[in-house]
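The values are calculated or read from the model by the stated rules, or taken from the named source; none is laboratory data. Just so you know, these numbers come straight off a predicted model, no measurement behind them. Neighbour counts are summed over all protein chains in view; Cβ atoms, including those assigned to glycine, are modelled from backbone coordinates with ideal geometry. Accessible surface areas use protein heavy atoms only, side chains included; no ligands, DNA or RNA. Shrake-Rupley method; radii C 1.70, N 1.55, O 1.52, S 1.80 Å.
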Amino acid sequence: MWQELEYNIYNKWFIGISIAVLFACITAFSLTGSYMYIAAPCAYIFLVLLGINWKTAYWIFLFCIPASVQLSFAGDTLSASLPDEPMIWMFFLLFVIMWAKNPRIIPEWWWRSPLVTIVGLQFLWLIVAVMFSLEFFFSVKFLIAKSWYLVCFMILPIWVFTEKKDFKRALILLLIPVIVTATVILVRHSAHNFDFRAIENAIKVDPNFGLYYNHVDYSTVLSMLFPLLCFAYPLTKGKSILLRILLILIILFFLPAIYFTYARAPIIALVFALVIYLAIRVKLVNLIMPVFYGIFIIVVIYMVRDNKYIDFRPDYQHTYMHKNYVDHIIATFRGQDMSSMERLYRWVAGARMSVDRPITGYGPHAFYFYYKPYAVSSFRTYVSRNLEHSTTHNYFLLMLVEQGWPAMILYGALIYAFFSIAQKTYYRFKDKYYKQVTLAVTTLFAAGFINNFFSELLETHKVGSLFYLAIAILVILDKKSKDMAKEQETQVIVA
């Protein structure tokens with residue numbers, strides 16, 4: 001009787017609060033005309049769901065990441081990604097409550113993963129870099145954002161990805177909004193005859209509203225998800241013929257969608273993802289990153305010796321934006337592409353900056369405020385004013401400049417460790433489904449790595465979420481493969 005009475009009281013309170021929230025939002029919308037107040041009831045419902053069944057809320061959250069839009073406020077001085085950014089805050093708060101209630105909630109096997117160890121060391125060194133930052137306020141904001149990223153995409157997946165159906169569900173939930181947004185962009189782009197310079201206009205619905213941050217963010221998401229489709233197709237064998245045809249059509253849809261982003265990095269990323277796949281199949285993936293780093297170091301030494309890099313300075317009069325993709329590619333090899341030359345301008349500045357603060361760097365989010373005095377004027381281009389406040393366009397160099405050598409080395413170690421563990425996990429599995437999932441996650445990560453080599457995308461919601469989610473899923477798959485291998489050994493011994 002008392003339980004029934006308590007339930008009725010709780011039910012009345014819940015209904016009353018819900019009606020009050022709805023009424024307040026409608027009133028606020030009527031007075032202000034702001035659609036933000038209409039979204040408030042949705043946020044309220046999501047918050048209630050978070051308290052009732054947070055795992056279901058997490059699946060909705062995954063769906064909302066690609067579906068989120070970039071909104072600018074206060075004359076373009078503030079921006080937010082909605083609705084996924086407020087969701088991230090909610091999940092971070094949820095984890096804090098869960099952890100406060102049970103400090104041992106995170107399983108020991110998770111802590112023992114080398115990937116978790118490296119990411120943990122990255123976070124600890126980030127705190128050190130923030131302490132010595134020359135732009136303390138911006139660095140603290142960066143630290144807070146990184147904290148909830150790691151919680152939402154590195155920790156919470158422990159309890160979400162537990163069964164085979166969970167990986168399939170994640171793919172579907174991520175795929176649907178990407179297809180929808182890509183369709184909208186392609187339709188808008190077609191209205192401009194797929195003009196090379198119109199891609200940004202197709203992404204930006206209006207100056208304060210964008211489906212993606214820019215064409216680099218958009219192309220990166222497409223190139224990271226494309227390998228998942230390729231590895232999902234073999235798993236449809238024996239399934240409905242309509243399902244197989246649908247998946248083929250989606251794969252064929254992605255190809256022109258990636259091409260019409262007119263970005264070069266995604267093409268290189270897909271080639272690198274293929275290389276990683278082949279290397280795993282022949283058990284040579286452990287050689288890929290040492291060779292990659294070796295080539296990179298040789299190029300740097302060659303450029304630095306006798307100031308050879310000066311020979312690659314752009315011709316200011318012949319460096320410009322191009323009218324079509326073919327000219328864009330040709331100009332890249334000729335050293336006449338503005339975006340490529342601007343990268344060199346910032347890479348040179350970043351390398352010279354690192355000499356003055358090699359250990360702790362200038363602080364997270366501080367590159368923009370200090371790089372121009374270190375730049376070489378002969379590398380300037382028409383866009384060197386950098387009105388968008390972008391950074392190094394290379395994540396290794398960004399780590400070096402803003403957080404010092406330890407951060408850059410840890411990032412390099414993370415990439416190597418990921419591919420090494422992925423290969424071991426792949427061959428430890430006997431289950432075909434999990435083998436395909438392992439390859440899919442690994443190639444997604446590979447594509448993200450290359451895109452990030454030419455940009456700095458890990459702090460954007462759509463790319464950063466996929467990057468860290470891939471790490472979390474590999475940690476889970478690694479544990480699952482070990483458990484399944486032990487079970488098989490036990491069965492053999494018993495037999």
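Beta carbons within 10 angstrom, averaged per residue: use that to sort the peptides 237-250, 193-206, 256-269, highest first. If you can, show how the numbers build up before the last one.
On the way: 237-250: 11.1, 193-206: 16.0, 256-269: 21.0.
Descending packing order for the listed peptides: 256-269, 193-206, 237-250.
Taking 0.36 nm per residue of sequence separation and subtracting the Cα-Cα distance, how much length would be gained by fully extending the chain between Y259 and M484, in nm to one decimal?
Values: separation 225, 0.36 × 225 = 81.00 nm, distance 4.07 nm.
Answer, rounded to one decimal: 76.9 nm.
Stokes-Einstein diffusion coefficient for segment 54-203 at 20 °C in a medium of 1.002 mPa s, Rh from the Kirkwood formula over Cα pairs: what value in µm²/s?
Details: Rh = 18.3 Å.
Translational D for this selection: 117 µm²/s.
Given a 1.4 angstrom probe, I'd like the percentage of the accessible area of segment 74-194 that is carbon and sulfur, rounded to a whole number.
Details: 4560 of 6340 Å².
Here it works out to 72 percent.
Taking the Cα-to-Cβ direction at K168 and at A80 and moving 7 Å from each Cα, how far apart do the two end points lie in nm?
3.7
Using the Cβ atoms and a cut-off under 15 Å, what net charge is assigned to the surroundings of K141, where Lys and Arg are +1 and Asp and Glu are -1? Present the calculation step by step, with values, prior to reporting the outcome.
Numbers: positive: K146; negative: E85, E135, E402, E459.
That sum, taken over residues with Cβ under 15 Å, equals -3.
Per residue, how large is the accessible surface of segment 140-278? Use a 1.4 angstrom probe and give square angstrom. Spell out each step's value before the answer.
Numbers: 6160 Å² over 139 residues.
Per-residue value: 44 Å².
Any of K101/K432; K146/K283; K168/K430 with alpha carbons more than 27 Å apart? Name them for me.
On the way: K101/K432 39 Å; K146/K283 34 Å; K168/K430 19 Å.
Correct reply: K101/K432; K146/K283.
Roughly how many nanometres apart are two label points built 7 Å out from the Cα toward the Cβ at E200 and I97?
4.3
At a Förster distance of 22 Å, what's the computed FRET efficiency of L47 paired with E459, Cβ-Cβ distance as r, to 0.05? Mind showing how you got there, number by number?
Numbers: r = 25 Å, r/R0 = 1.16.
Computed FRET efficiency for L47 and E459 comes out at 0.30.
Give me the one-decimal nm value for the distance between modelled label points at L284 and W159, 7 Å along each residue's Cα-to-Cβ direction.
4.5
With a 1.4 Å probe and every protein chain left in place, work out the accessible area per residue of segment 350-479 in Å², rounded to a whole number.
Working: 4070 Å² over 130 residues.
I get 31 Å² per residue for this part.
Taking R0 as 35 Å, what FRET efficiency do you get between I295 and K239 from their Cβ-Cβ distance, rounded to the nearest 0.05? Intermediate values should be presented prior to the final figure.
Numbers: r = 42 Å, r/R0 = 1.20.
For I295 and K239, the calculated efficiency is 0.25.
Once R0 is set to 22 Å, what does the formula 1/(1 + (r/R0)^6) return for the Cβ-Cβ distance between L121 and V275, expressed as a FRET efficiency to the nearest 0.05? Please list the in-between numbers first.
Working: r = 28 Å, r/R0 = 1.26.
Working from the Cβ atoms, E equals 0.20.
How high is the relative contact order of segment 138-242, given as a whole-number percent (alpha carbon pairs under 8 Å, six or more residues apart)? Before the final figure, lay out each step's value.
Details: 30 pairs, mean separation 15.0, N = 105.
Result for segment 138-242 is 14 percent.
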